[in-house]
Amino acid sequence: MSSDEEKGGPVAATLEPLFTYGVKPDVHGGVHFTRSDTLLYPSGCGISLYSTKDKKQELVPLADKGKHLTAIGVNKNRKLVAFAERGDRPHVVVFDLELRRRRKVLRCAEFVSEEVISLAFSHDSKYLLAQGGAPDFSLVYFFWEKNKVITTLKNLSTIKNPVTQVSFHPKDRSVVCVVGQGIFKLCMILIQL
């Protein structure tokens, strides 16, 4: 018993999760190794970083409490993760895995949908694709470090044939690929980046 408890005074305490079990299967782009010994996966109201070497876990909380993850994307060198949170105007958080801090929160008025269903970084990690869901399936191309929308493509698919994933060309960030049920589209961004 502490001296405060013995005196009958209030004790300030916080409760931190020690370990989070389970994976949210409805999150697109769900599980990634960020290093040879660290596994990243969605769990609860955040993203878990589990070290297989130390058997320890960290939880990256969502930007808005009570929201739900819908998509995760990790950059090529595994130093950044982008994750999308469902909402009236969904937003995307870019998180630095080395510094363990939020780098940017991207909000986009172009989304009519309440969720982002796929995220992808360009090969140089400067740009980010965010594919919105139904009803309009808008694809937003961000210059994420400047919180700038480069372009938006609307109505890339329908509810009957939904888009499920987007990606960049591995060497040319002006070429993007959109795939889904009965869909395969290659798009080229015609503006100068």
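Figures for the structure shown
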| read-out | value |
| --- | --- |
| Accessible surface, the stretch 80-164, averaged per residue in Å² (probe 1.4 Å) | 43 Å² |
| Local electrostatic count, residue 96, Cβ distance below 9 Å [Lys/Arg +1, Asp/Glu -1] | +4 |
| The chain: calculated mean residue ellipticity at 222 nm from DSSP helix runs of at least 4, using -39500 (n - 2.57) | -500 deg cm²/dmol |
| Subset of 24/67; 79/154; 126/146; 126/185; 67/126 violating a 19 Å alpha-carbon distance limit | 79/154; 126/185; 67/126 |
| Calculated from backbone phi, Karplus (6.51, -1.76, 1.60) coupling profile of the stretch 172-179 in Hz, x at Gly/Pro | 10, 6, 8, 10, 10, 10, 10, 10 |
| Spatial separation of Cα centroids for the stretch 68-86 and the stretch 157-193, in angstrom | 18 Å |
| Listed candidates [x] 8, 34, 37, 18, 2; [y] 8, 33, 33, 19, 5, 1; [z] 9, 34, 32, 14, 6, 3, 2, 0 - label of the one calculated as P(r) over Cα pairs in 10 Å bins from 0, in percent | [z] |
| Cβ-based net charge around residue 170, under 13 Å, with every Lys or Arg adding one and every Asp or Glu removing one | +1 |
| Under Karplus coefficients 6.51, -1.76 and 1.60, residue-wise ³J(HN,Hα) of the stretch 29-37 in Hz, glycine/proline x | x, x, 10, 9, 8, 8, 9, 5, 10 |
| Estimated vicinal HN-Hα couplings, Hz - the stretch 105-114 in sequence order (Karplus 6.51, -1.76, 1.60; Gly, Pro = x) | 10, 9, 10, 9, 5, 5, 6, 8, 5, 8 |
| The chain, dipole about Cα centre (Lys/Arg Cβ +1, Asp/Glu Cβ -1), debye to the nearest 20 | 680 debye |
| Accessible area of the stretch 101-193 belonging to carbon and sulfur atoms, whole % at 1.4 Å probe | 52 percent |
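The values are calculated or read from the model by the stated rules, or taken from the named source; none is laboratory data. This structure is a prediction, so every number in the text was calculated from the model and none was measured. When we count neighbours, we look across all protein chains shown, and the Cβ atoms used for this are built from the backbone with ideal geometry, even at glycine. We work out accessible area using only protein heavy atoms, side chains counted, and drop any ligands, DNA or RNA first. Shrake-Rupley method; radii C 1.70, N 1.55, O 1.52, S 1.80 Å.
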